[in-house]
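What follows is calculated from the coordinates using simple rules that are stated; it is not laboratory data. Values in this document were obtained by computation on a predicted structure and should not be read as measured data. With ideal geometry, Cβ positions are generated from the backbone for all residues, glycine too; neighbour counts draw on all protein chains shown.
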There are 4 protein chains.
Amino acid sequence: MNLSESQMKEIADERDQQSLTRRNTVSELEDLMFSPIPVLDHGFIRVIDYMGSDSSVVQAARVSYGKGTRRVSDDRNLIKYLLRHSHTTPFEMAEIKLHVKLPLFVARQWIRHRTANVNEYSARYSILDNEFYLPDAAHLAAQSDVNRQGRGETLNEDETNEVLELLRRDANHAYSSYLSLLNQDELGNKLDLKKTGIARELARMNISLNFYTQWYWKVDMHNFMHFLRLRADSHAQYEIRAYADVMLSIFKAWAPWSYEAFLEYRLNSVNLSQTSVEVVRRLIAGEPVSFETSRLSRREWDELALTFNLKKD
Amino acid sequence: MNLSESQMKEIADERDQQSLTRRNTVSELEDLMFSPIPVLDHGFIRVIDYMGSDSSVVQAARVSYGKGTRRVSDDRNLIKYLLRHSHTTPFEMAEIKLHVKLPLFVARQWIRHRTANVNEYSARYSILDNEFYLPDAAHLAAQSDVNRQGRGETLNEDETNEVLELLRRDANHAYSSYLSLLNQDELGNKLDLKKTGIARELARMNISLNFYTQWYWKVDMHNFMHFLRLRADSHAQYEIRAYADVMLSIFKAWAPWSYEAFLEYRLNSVNLSQTSVEVVRRLIAGEPVSFETSRLSRREWDELALTFNLKKD
Amino acid sequence: MNLSESQMKEIADERDQQSLTRRNTVSELEDLMFSPIPVLDHGFIRVIDYMGSDSSVVQAARVSYGKGTRRVSDDRNLIKYLLRHSHTTPFEMAEIKLHVKLPLFVARQWIRHRTANVNEYSARYSILDNEFYLPDAAHLAAQSDVNRQGRGETLNEDETNEVLELLRRDANHAYSSYLSLLNQDELGNKLDLKKTGIARELARMNISLNFYTQWYWKVDMHNFMHFLRLRADSHAQYEIRAYADVMLSIFKAWAPWSYEAFLEYRLNSVNLSQTSVEVVRRLIAGEPVSFETSRLSRREWDELALTFNLKKD
Amino acid sequence: MNLSESQMKEIADERDQQSLTRRNTVSELEDLMFSPIPVLDHGFIRVIDYMGSDSSVVQAARVSYGKGTRRVSDDRNLIKYLLRHSHTTPFEMAEIKLHVKLPLFVARQWIRHRTANVNEYSARYSILDNEFYLPDAAHLAAQSDVNRQGRGETLNEDETNEVLELLRRDANHAYSSYLSLLNQDELGNKLDLKKTGIARELARMNISLNFYTQWYWKVDMHNFMHFLRLRADSHAQYEIRAYADVMLSIFKAWAPWSYEAFLEYRLNSVNLSQTSVEVVRRLIAGEPVSFETSRLSRREWDELALTFNLKKD
């Protein structure tokens, strides 16, 4: 993540401006505001704005006049109770807005979360920067044999180098062609005075999916959690998970009790199917259960065995 | 609108608590925060929280690092430009949260606006207050002859008194039966020690639609404007329009440039059908156009005549 | 549920009209079409239209040209796999449209499901019928002591009769006042020639929440399941559960494999919190765990004990 | 658009399968079903499924038992009335499902329409085809001078040829690298037995935005019209407009009265700002109005002049 001096100055200026508000304020989140948190090689997440916190969840659940007079322990338990029983509307009462810089192929997954507000940098209006994603060697992996949408073994050093070289060369080439198509250099000067170049909205089609874009993304806490449950999950593609991991740390600063309840009842919880409940019931009763007598599919049995440390059969 | 002393104290306490924030702050809206603005006879709207303002719209439209360095006039014109061209996503970047007390029949219209977050006072958990809506004499009107969903002439004094007396008596009776069904008085004491009463979730079915409920309602500026365009319109039922009118004044304090653009391009704009455009073109060219030669329906012609001060034919 | 002869004739006519289509057709659901299925004392659900079925889920998941050439068992397992892994978008590819007649207090719960399309009978345009809900004696219950939003013991016969009598009398009284306010009888004739009556949009405010309304409600299969998971649950109020139960039977006729997967992975599944997973792991390993050593709240422990037949301590 | 023989056979088979249904059927739309309608050089739209039509809009607006007994002219006028007064919920009662093949940069614009259901071909699961978009010479244009997001003059023949050659070469190169990264040829055979290749979810990042993807897209008629109003507009990028134009013809086959009302009150209507209404009023009254006395911005004045054939000043 490279910020220019003028960008760093702008961020410092934003952080310096403080004003008085009657609104609920979260000092841990204020500390994070505006500063970019690096993700991947050139990406970042910045907290731009927020509204509410744990207290908004409690307030909405109580629909009371004031902030409530109950003991702190009650509020914390109320939040747990709400999440445990899928009373999710009070969590919609808090919002957060992020400025995110991310590769296009990650943006294409991210945008599928429809209950959010987005304003993306437009390559119809403006020229894209020459910034693209190159994976770490540690994340360059072969197609998984067992998971049709995942990665398997990492590559050996030689193949890693070849792959990275190819990705770098192709991206640089695509960008150079992009400028040719625009008939401009990076400073916006015409390359060839006799040519016109094509419109930005057309030239961008030559850009590949590892290039970075950026957007403002605003979401309520309920949908923020929904995003995290799917994207901080081990089945999510590594690159979007890297963003979700940073968002988890932001969540903790923003609303620590909701965060705690989210880990307990969503992210680290396990959904047991009706048949699995029956299997667990028998196991607890001391009855021996094998894959064959479980009525589960092979894959479900294996997952159950993993979750509860069953002996593999 | 009657607030108890303890409620007024709570509100004063809320208003007294101020803290420093790095977030965008709108002093005109801060002035309104928490204080109930009366609507109808017992209703109110209170501003509970907000996020962003005109500057968030501009920031999202520019997707820039900072708050923008352009001249003020540019931001104001950018907002106009966005609304004029239906670039509505930047307006989703600001949010407002209101605490609203409103009659059930108004709540039933309001809730049809789906892109918003709501937490309503629950009559499954808590006992309803004996507060119901009685219209002003000025708003007690007969069914309209020309508009199947509107009001016509107001009532004479005798009939007005009769109607109000009937509404008051029935509401008081319904509430008294509600308490009987619960087997409780208003303080929560059992009415008859030998009876059990029925569950709150059942007893509430005897309550009529003029009783007040309350909720927290949170919405982004785009959907706030959409609500106002439909509900501050002269075709909206008077009772919900009374809320929309208060919300217009809140809008003005919150985001004056968006408010101004909203009046110009939405609330007070006119959508001309393809055929009407042709009629207006001919009228401007000095060609005489009558209903018969307009190819408009009678109703559309009348509306056009009204909009442009045409001579009635 | 009382249908007039002309209504029954209209329904028979609708059922008689058949035409050829290239669309996916589900004969079990066609059999149900248009016929009202009774719910509560005057309510019903009618299947009005649908689009797609299990095959649409499979088709969307495969994004293939054709209907797929794989074996039947594959499709069934694919649907299970999708639901188990929360790949819910393919379930959005099927839709169903219902005509529902339901009490107002049920409608107020129902409408909170925002991702659906609704057109409700309008009491601004039309006059309401004198139809209201009276619970069965079996469902007239006292407030629950343990659950702040539920029912406890049913009432004895005397109190039951009193309650029903009060509800019936009040509803009839409210309706009679409604007609007085409109200055109309049920046939639409003026009651008093010297009075004007008030507008329908005003008069309806005297109607109580047990009166019936009706609407067309359209939803995709994903949100249909979400509705059922919350409303066919034992914590839902009995009256809305009665509708959910009928919808479960419609679901089975519409998309039997999705229905089966829904029961297995949603309706009858159990979400184990992170702490509960640890408790179950210890229990399976044969370790004695009590409430005190479980780190669960009392309520969570009791639920776990119930789910897995643990001995109460 | 190149379909293989087996694809054409599948489509013919789909079209051949007909069954009886009680549902509303639209023969003009049935005629279109499954057959791909070409868009751009390799794209298409296929109608896969639908639910309802004009009659569903009318039915929902009337919330009646049957299909309505009124005269045909009433239904047509009711639809006009609904759209003219922004009563849009009845239009949500009809749905259509399309199979669309489109370039990635078009897909990125399209997906911003959030109120729709989408299942996209996944390049995590499957290997992309070597199909990319090359503009017609007629659509290869320079950046517009007056419109920061549009096109201006088309290119001369030499530059056109250069641009197309560059785009073709780069796309072929990107695809060839994509296969190298996967270590596969187009038939799925390993290219180099000593290499592993990288996972599909990684390799796809080298693909450029002119490559084609495909998806199933389902939407209700209200949101279908909203899409068309924005994307069939002259300000929309040509490539997405090409899809919108085909969708307009599908709309006409599907629901001719709604289509007609949409043209009249949405697509070809003009929204006059409050200030413009005043200007038009003066013009109709015969008063001379110039830009200087109009209180409009330059751009708004020019648009008004264009709409109503005013003499340029």
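For the stretch D:155-165, putting each phi into the Karplus relation 6.51 cos²θ - 1.76 cosθ + 1.60 with θ = phi - 60° gives couplings of 7, 6, 4, 5, 5, 3, 4, 4, 4, 5, 5 Hz, in residue order, rounded to whole numbers and with x for Gly and Pro. Residues C:Glu95, D:Glu260, B:Glu300 in ascending order of nearby Cβ atoms (within 10 Å, fewest first): D:Glu260, B:Glu300, C:Glu95.
The orientation-averaged projection of the convex hull spanning the C-alpha atoms of the stretch C:91-153 amounts to 7.3 square nanometres.
In nanometres and ascending order, the distances from the D:Arg169 label point to those of the other copies are 1.6, 9.3, 9.4 (point 7 Å from Cα along Cα→Cβ).
Taking 0.36 nm per residue of sequence separation and removing the Cα-Cα distance, the C:Ser290/C:Arg148 pair yields an extension gain of 48.4 nm. Among the residues of C:267-280, the average count of other protein chain beta-carbon atoms within 10 Å of the residue beta-carbon is 6. Computed on the Cα atoms alone, the convex hull of the stretch A:134-242 gives a volume of 148 cubic angstrom per residue.
Does anyone have the angle between helix C:238-254 and the longest principal axis of chain C? Alpha-carbon axes, 0 to 90°, nearest 10? So the helix axis and the longest Cα principal axis differ by about 70 degrees. Peptide C:149-155 is shielded by partner chain Cβ atoms: per residue, an average of 4 of them sit within 10 Å of its Cβ.
Sorted from nearest, the other copies put their A:Leu193 label points 6.0, 9.6, 10.7 nm away, the label point being 7 Å from Cα in the direction of Cβ.
Remark: chain A is approximated by an ellipsoid whose semi-axes, taken from the C-alpha gyration tensor as √(5λ), come to 41, 32, 15 Å, largest first.
Note on the stretch B:231-281 and the stretch C:243-287: Cα centroid distance 49 Å, given to the nearest whole angstrom. Projected over every direction and averaged, the convex hull enclosing the alpha-carbon atoms of the stretch A:1-130 yields 11.0 nm².
Using a/c under 1.5 as the rounded threshold, could you call the stretch D:119-196 rounded, prolate or oblate? The axes a ≥ b ≥ c are square roots of the C-alpha gyration tensor eigenvalues, and prolate needs a/b larger than b/c, oblate otherwise. It comes out prolate by the Cα gyration axes. Using the Cβ-Cβ distance between C:Glu157 and C:Ser122 with R0 set to 60 Å, the FRET efficiency works out to roughly 0.90. Taking a ≥ b ≥ c as the square roots of the eigenvalues of the Cα gyration tensor, the stretch A:162-218 is oblate, since a/c reaches 1.5 or more and a/b is not larger than b/c. Ascending distances from the B:Gln18 label point to its copies in the other chains, with the point 7 Å along the Cα-to-beta-carbon line: 1.4, 7.6, 7.6 nm. Across peptide B:80-86, the mean count of Cβ atoms from other chains lying within 10 Å of each residue's own Cβ comes to 3. Of the peptides D:222-228, B:17-23, the ranking by mean beta-carbon count within 10 Å, highest at the top, reads D:222-228, B:17-23. Between C:His85 and A:Ala305, the modelled label-to-label distance comes to 2.0 nm, taking each label 7 Å out from Cα in the direction of the beta carbon. Distance from the Cα centroid of the stretch B:41-55 to that of the stretch A:87-155 is 34 Å (rounded to whole angstrom). Relative to the longest principal axis of the Cα atoms of chain B, the long axis of helix B:274-284 makes an angle of roughly 50 degrees. When the alpha carbon gyration tensor of the stretch D:232-304 is reduced to an equivalent ellipsoid, its three semi-axes come out at 34, 16, 7 angstrom, largest first. Taken over the C-alpha atoms, the stretch A:181-313 has Rg and Dmax values of 25.2, 85 angstrom. Taking the average, over residues, of other Cβ atoms within 10 Å as the packing measure, peptides A:30-42, B:101-113 rank B:101-113, A:30-42 from highest down.
Take every Cα pair under 8 Å whose residues are at least 6 apart in sequence, average their separation, divide by the length of the stretch C:219-313, and the relative contact order is 16 percent. Seen through its C-alpha gyration tensor, with square-root eigenvalues sorted a ≥ b ≥ c, the protein assembly as shown comes out rounded because a/c lies under 1.5. Of the GluC sites (Glu not before Pro) found in the stretch C:149-241, those that fall in a DSSP loop while having at most 12 other beta-carbon atoms within 10 Å are C:Glu186.
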